[in-house]
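Report on the structure given below.
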Amino acid sequence: MQIRQFLSQAISLGMIVTSALIIWKGLICITGSESPVVVVLTGSMEPGFKRGDILFLHMSKDPIRAGEIVVFNVDGKEIPIVHRVIKVHERQDGEVDVLTKGDSNDGDDRLLYAQGQLWLQRNHIMGRAVGFLPYVGWVTIIMTEKPIIKYILIGVLGLFVLTSKD
């Protein structure tokens, strides 16, 4: 009987993980963004967004405009950046290049871009901010900065799922 209960709990855990992945992939399809939810990691967008806020992203085919808040990746860096578009440069082929800046930063982001890069192209942009939840992202920040907390939390949740009785 113990083996059957253990297998049942393991399957339940697998279904929870699979459901989360399906929801995440569904959000990617609906929003058109490779990462539909991001956490603000620095104070560069204060007072609008504070460290620990969660942003919801959407990526449409509409042209990017100055004043929009976008999340972008820089070549050679893993962590996406949340900043405001301050200039839009339309090329002759119809594509647009953008220049960004953090609201609380003094200068534009050209120092953050890859060596020799002066503008961001559309392929660098992950999405536009369409909503946010304040402070909810602190859970992610704490688990990233203090990995022991993440391992303890995962262990406790796994133990709870495996030992709970239906």
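Numbers below:
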| read-out | value |
| --- | --- |
| Cα-only Debye scattering, the stretch 58-127: base-10 log of I(q)/I(0) at q = 0.17, 0.18, 0.21 Å⁻¹ | -0.56, -0.63, -0.88 |
| Karplus-derived 3J(HN,Hα), 6.51/-1.76/1.60, for each residue of the stretch 65-70, Hz, glycine and proline x | 10, 4, x, 6, 9, 10 |
| Under-5 Å amide H pairs with MET126, H placed in peptide plane, nonlocal only | VAL71, PHE72, ASN73 |
| Shape parameters for the chain, alpha-carbon atoms, Rg then Dmax in Å | 20.1, 71 |
| Rounded to whole Hz, the Karplus (6.51, -1.76, 1.60) HN-Hα couplings of the stretch 151-158, x for glycine and proline | 5, 5, 4, 5, x, 5, 5, x |
| Radius ratio Rg over Rh of the stretch 99-144, counting only Cα atoms, Kirkwood formula for Rh | 1.05 |
| Derived scalar couplings ³J(HN,Hα) [the stretch 137-142; Karplus, 6.51 cos²θ - 1.76 cosθ + 1.60; whole Hz; x for Gly, Pro] | x, 4, 4, 5, 4, 5 |
| Computed Kirkwood radius, in angstrom, where 1/r is averaged over Cα pairs of the stretch 112-166 | 15.5 |
| Carbon plus sulfur fraction of accessible area for the chain, probe 1.4 Å, in percent | 64 |
| Of LYS25/LYS87; LYS61/LYS150; LYS25/LYS77; LYS77/LYS146; LYS50/LYS146, those spanning more than 28 Å from alpha-carbon to alpha-carbon | LYS25/LYS87; LYS61/LYS150 |
| The stretch 19-166 - percent relative contact order, Cα under 8 Å, separation 6 or more | 26 |
| Contour minus Cα-Cα distance for LYS25 and THR42 (0.36 nm per residue) | 3.5 nm |
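The values are calculated or read from the model by the stated rules, or taken from the named source; none is laboratory data. Owing to the predicted nature of the structure, the values given are computational and were not obtained by experimental measurement. Protein only, heavy atoms only, side chains kept; ligands, DNA and RNA dropped before computing areas. Shrake-Rupley method; radii C 1.70, N 1.55, O 1.52, S 1.80 Å.
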